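Here's the structure, in structure tokens; my notes come after.
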Amino acid sequence: MGFFNPRNRTMSQSQFFSVTRRAAFLASLTVAMAGCASTPAPVNLADSVANTPTLSTFNGLVTKAGMADTLKTGGPYTVFAPTNDAFKAVPAATMDDLNQHPDKLKALVAYHVMPGKLMAADVKNSDAKTLNGANAALSKAGEFVTIENAAVVTADLGATNGVVHSIDTVLMPPKK
């Protein structure tokens, strides 16, 4: 007699428990493997910027300006984060001035942050208020998004409290 008797469609109790144990084992193995292949847990804006190697210069300035906590716990915000290459185009004298004047540095970082979560697909041609109080011009043509004279090079880096778009130019806030 085999595992299953087709004549009376029965199986022994030990066979039933064997099948049940195998099914439970396969189910738990499937769940365990799915956990290994899952995406990383979502992070806040500050950690999203910190975890992106091409934004390390901006990350350092966010920390130095004292805005890391704002980007960790506040929001939702949209961050237009200049890439490391964008900072290479900023004159050394300007960077030195920012490093010597914390208020200017904070104004610069805040000019790259807007209240609300704005995905690239939702950008409209308009002015939007930044965290430093100044307006910045947003525009979109097809899939091409800009803020002031900076182009978005990587859009929609997700975060639990907003979104990050990396840009190719450092935005200088207007003089007050």
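The values are calculated or read from the model by the stated rules, or taken from the named source; none is laboratory data. All of these numbers come straight from a predicted model, not from anything done at the bench. Every residue, glycine among them, receives a Cβ derived from its backbone with ideal geometry; neighbour counts consider all protein chains shown.
A compact table of results
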read-out	value
Flag for residue 163 being within 18 Å of residue 49 (Cβ to Cβ), in a strand (DSSP E or B) and not small (Gly, Ala, Ser)	yes
Candidates 169, 154 - the one that is of a type outside the set (Lys, Arg), assigned to a loop (DSSP other than H, G, I, E, B) and closer than 16 Å to residue 54 by Cα	169
Strands (runs of 3 or more DSSP E) contained entirely in the range 104-150, each with at least 1 residues that are of a type in the set (A, V, I, L, M), more than 16 Å from residue 74 (Cα to Cα) and modelled with pLDDT of 95 or more	126-129, 135-141, 144-147
Residue, surrounded by the most Cβ atoms within 10 Å (Cβ to Cβ), within the range 78-90, restricted to residues that are in contact (Cβ under 8 Å) with a residue 40 or more places away in the chain and part of a helix (DSSP H, G or I)	86
Some residue of the range 91-102 being closer than 17 Å to residue 151 by Cβ and either assigned to a strand (DSSP E or B) or assigned by TED's automatic domain parsing to the domain that holds residue 144 (or both)	no
Residues that are surrounded by 21 or more Cβ atoms within 10 Å (Cβ to Cβ) and without any contact (Cβ under 8 Å) to a residue 24 or more places away in the chain, drawn from the range 63-77	none
